[in-house]
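Asks: I have a structure I would like to understand better, so I am pasting it below and will then ask my questions one at a time.
The values are calculated or read from the model by the stated rules, or taken from the named source; none is laboratory data. In this text the structure is predicted, and so the values were computed from the model without any measurement. Here the Cβ is made from the backbone with ideal geometry for all residues, glycine too, and neighbour counts use every protein chain on show.
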Ligand SMILES: Cc1ncc(COP(=O)(O)O)c(C=O)c1O
């Protein structure tokens, strides 16, 4: 939330669901505040519905879900995982944490997603998995990715932090590969402050995932009465969220349709109102193939990096907080230290340098949406 009296149109504001205060009070009064209580159960059931996943476990963050996913796929020392360079640091950190090597591949110039046409050539005998990230919840051609994975015996990991509940011709995002992840950070469409989930398509992964999430113990089995005491059985950590987080998540998931409707309306409005301006100014507006996306971001690619930087400054000076996004991993200090680059990453650099995102959150007023649109139209492009 902005400072009181802040007249700016903020870039993002966490959704507030009608039930969350009552849910939180119920947890505090219940004496069960640690994880895996009634709200974890309820939120997990709602999430199964919304995501279309066969099975899942809530986690403390999307980052932790990625760490679990990489370990579930047995990525170890020297194993390579193909990832887009245009993604969040956690997509690579999770690989590095097990001694693996992220191999950065270029993206498609329009979607910002990994380019499936480049993936096969990046495969080496060390390759263990392909990790895709759906930027803005826009699907990757998963027929192509799955075909490559099957032919080379590789696992597919889906970082679906942006794309909760997006149904596509390939299946629901996050449920197509071996493992998928969600993030419930408060910048995401559905949030609980900090949180995440591992979506499991392979039933064989469930038992290991439970152990990994419960400090390496079989406590989950014990709680179900399947063993009479629990002990340390494998490597693990503490990846289960408290009931406080689950209570907020549960209330948010109950509002999923409303959240998506509100975000979608603003997204459509931006797209329609800026179309003519964009084409006159050589600006490329976000254009998801088949119109499929999560209404998580609305981005545009400015004609140059200089125009992007100037437009950011201009809009902010006029009370509209626009922003850029990921700094490509291949050019970051840690990316150079731990990763390897495959081929040219020109499209990644160009996309990241020209990308500008508009404010998008449920509850934006009509005046705020109009202000964003008018402000962008008021920007005077640099001479080229
Ligand atoms: C694509 C992507 N994956 C993973 C994450 C990590 O999620 P979290 O912040 O819940 O750890 C983020 C964070 O914003 C993200 O953008």
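Asks: Does residue 98 fit the bill of being more than 16 Å from the ligand (Cβ to nearest atom) and touching a strand residue (DSSP E or B) at 6+ places or on another chain (Cβ under 7 Å)?
Replies: For residue 98, the condition - more than 16 Å from the ligand (Cβ to nearest atom) and touching a strand residue (DSSP E or B) at 6+ places or on another chain (Cβ under 7 Å) - is not met.
Asks: Next question. For segment 145-160, indicate whether the set of residues that are touching a helix residue (DSSP H, G or I) at 6+ places or on another chain (Cβ under 6 Å), touching a residue at least 60 places away in the same chain (Cβ under 8 Å) and not assigned by TED's automatic domain parsing to the domain that holds residue 361 is non-empty.
Replies: Among the residues of segment 145-160, at least one is touching a helix residue (DSSP H, G or I) at 6+ places or on another chain (Cβ under 6 Å), touching a residue at least 60 places away in the same chain (Cβ under 8 Å) and not assigned by TED's automatic domain parsing to the domain that holds residue 361, which makes the answer yes.
Asks: When you look at residue 306, is it exposed (fewer than 15 other Cβ atoms within 10 Å of the Cβ) and in contact (Cβ under 8 Å) with a residue 40 or more places away in the chain, yes or no?
Replies: For residue 306, the condition - exposed (fewer than 15 other Cβ atoms within 10 Å of the Cβ) and in contact (Cβ under 8 Å) with a residue 40 or more places away in the chain - is met.
Asks: Among the listed residues 164, 200, 157, 173, which satisfies the condition of being away from the ligand (no atom under 16 Å from the Cβ) and either crowded, with 20+ Cβ neighbours inside 10 Å or farther than 15 Å from residue 63 by Cβ (or both)?
Replies: None of the others qualify; the one that does is 200.
Asks: In the list 282, 332, which residue meets the criterion of being within 16 Å of the ligand (Cβ to nearest atom), more than 16 Å from residue 113 (Cα to Cα), surrounded by fewer than 17 Cβ atoms within 10 Å (Cβ to Cβ) and over 19 Å from the mean Cα position of the chain (by Cα)? Write out each step before concluding.
Replies: Working: 282 fails: within 16 Å of the ligand (Cβ to nearest atom).
Going through 282, 332 in turn, just one is within 16 Å of the ligand (Cβ to nearest atom), more than 16 Å from residue 113 (Cα to Cα), surrounded by fewer than 17 Cβ atoms within 10 Å (Cβ to Cβ) and over 19 Å from the mean Cα position of the chain (by Cα): 332.
Asks: Working carefully through the options 384, 330, find the one that is outside the structural domain of residue 286 (by TED's automatic domain parsing) and touching a helix residue (DSSP H, G or I) at 6+ places or on another chain (Cβ under 9 Å).
Replies: Every option except 384 fails the conditions.
Asks: Separate question: With (1) under 30 Å from residue 81 (Cβ atoms); (2) in a helix (DSSP H, G or I) as the list, and residue 376 as the residue in question, which single condition is left unmet?
Replies: If we test residue 376 against (1) under 30 Å from residue 81 (Cβ atoms); (2) in a helix (DSSP H, G or I), just (1) comes out false.
Asks: Moving to a separate point now. Considering only segment 83-98, how many residues are crowded, with 24+ Cβ neighbours inside 10 Å and within 15 Å of residue 179 (Cβ to Cβ)?
Replies: 4
Asks: Right, another one. Of the numbered conditions (1) farther than 15 Å from residue 196 by Cα; (2) within 16 Å of the ligand (Cβ to nearest atom); (3) assigned by TED's automatic domain parsing to the domain that holds residue 168, residue 14 fails exactly one; give the number of that condition.
Replies: Condition (3) is where residue 14 drops out.
Asks: Here's a check for you: in segment 48-82, which residue that is within 14 Å of the ligand (Cβ to nearest atom), touching a helix residue (DSSP H, G or I) at 6+ places or on another chain (Cβ under 6 Å) and assigned to a helix (DSSP H, G or I) is farthest from residue 99 (Cα to Cα)?
Replies: Looking at the filtered set, the residue picked out is 63.
Asks: Let me ask you something else. Go through segment 191-208 and give me each residue that's over 16 Å from residue 157 (Cβ atoms) and touching a strand residue (DSSP E or B) at 6+ places or on another chain (Cβ under 8 Å).
Replies: 195, 203, 206
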